[in-house]
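Engineer: Okay, handing you the structure first.
The values are calculated or read from the model by the stated rules, or taken from the named source; none is laboratory data. Please read these numbers as outputs of a predicted model, since none were measured by experiment. Every residue, glycine among them, receives a Cβ derived from its backbone with ideal geometry; neighbour counts consider all protein chains shown.
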Amino acid sequence: MTARPRILAFDTSGPHCAASLFVSEHHWVWRKEEMARGQAERLFPLLDEVLSEAKLGWGELDALAVGVGPGNFTGIRIAVSAARGLAMSLGIPAIGVNLFDVRALGYFKLPQAHEVALVCLKGPRDSVYVQLMGPEGALAAPRQIDPKTDELSDDEARAVAIGPASDFMKHRLTVDGRQNSSVRSMNRTIFIAEAVLASGADVAPPAPLYVRAADAAPASDPPPVILP
């Protein structure tokens, strides 16, 4: 039997700092700390603690998996920048995983799963990030909506709402709450990264998934170029 790769996953796209590491079939190390700010200072100590508990060193990792959003702009940039830097220094791939795929993973294998699901994630100021998903993946681009007033497409109106913000849509769609728990979200991130590695496809450097434009005004100086 081929050994599963050792993948360290982490995410700072929300008010948290979270990480998970697959060690062996029955051994996972998992951490999640709620925090409104301070992820940049806490991320690397947290990752060191996860590796220490797993009794592994950085050089024993096969890959990294990083949450790319959607979520907080600053938080996403913290994790993605860390993943890209670590991947370069360790000589291993870093795989970007978005939260829509994380929430949809496994849903269509559940008993009596609907054929189309609208993954709903919490956005700012009572908005919702949504993406239409089917068994083979995304059926439409993600978007940000006001769940009370914005029109749904015909396909969205026929979907079932899943994900942590699905209750925001309960007045408009049937809600299936079986995918709402965040307890295993980081483990799902690792499963998705494993599938990417197993596919043999080229792994592009992780990049943030921004569903909405930044709130801040653009800087007067041109931004630095991030090389692939």
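Engineer: Across the stretch 179-192, which residue is surrounded by the fewest Cβ atoms within 10 Å (Cβ to Cβ) among those that are assigned to a helix (DSSP H, G or I) and touching a Gly at 6+ places or on another chain (Cβ under 9 Å)?
Structural biologist: That would be F191.
Engineer: Please report, ordered by residue number, the helices (runs of 4 or more DSSP H) entirely within the stretch 18-109 with at least 3 residues that are closer than 22 Å to V130 by Cα.
Structural biologist: Those helices (runs of 4 or more DSSP H) span 73-90, 99-104.
Engineer: Just to check your reading of the model, which residue among A83, A141 is assigned by TED's automatic domain parsing to the domain that holds A36 and among the hydrophobic types (A, V, I, L, M, F, W, C)?
Structural biologist: That would be A83, the only listed residue that is assigned by TED's automatic domain parsing to the domain that holds A36 and among the hydrophobic types (A, V, I, L, M, F, W, C).
Engineer: Among the listed residues D154, D150, D176, D167, identify the single one that is in contact with a His (Cβ under 9 Å, 6 or more places away or on another chain) and at pLDDT 95 or above.
Structural biologist: The unique qualifying residue is D176.
Engineer: For the stretch 116-147, how many residues meet the condition of being closer than 14 Å to L173 by Cβ and surrounded by fewer than 12 Cβ atoms within 10 Å (Cβ to Cβ)?
Structural biologist: So the count comes out to 0.
Engineer: Next up: Does L209 satisfy the condition of being at pLDDT 95 or above and either touching a helix residue (DSSP H, G or I) at 6+ places or on another chain (Cβ under 9 Å) or more than 19 Å from V97 (Cα to Cα) (or both)?
Structural biologist: So L209 passes the test.
Engineer: Something else now. Kindly indicate the residue of the stretch 11-42 that is of a type in the set (S, T, N, Q) and buried (at least 16 other Cβ atoms within 10 Å of the Cβ) and also nearest to P124 (Cα to Cα) among those meeting that condition.
Structural biologist: Among those residues, the one meeting the criterion is S13.
Engineer: Something else now. Check the stretch 148-161 and report whether any residue there is without any contact (Cβ under 8 Å) to a residue 12 or more places away in the chain and within 29 Å of F10 (Cβ to Cβ).
Structural biologist: Scanning the stretch 148-161 turns up no residue that is without any contact (Cβ under 8 Å) to a residue 12 or more places away in the chain and within 29 Å of F10 (Cβ to Cβ).
Engineer: I need the full set of residues from the stretch 185-201 which are among the hydroxyl-bearing types (S, T, Y) and without any contact (Cβ under 8 Å) to a residue 12 or more places away in the chain, in order please.
Structural biologist: Passing the criteria: only S199.
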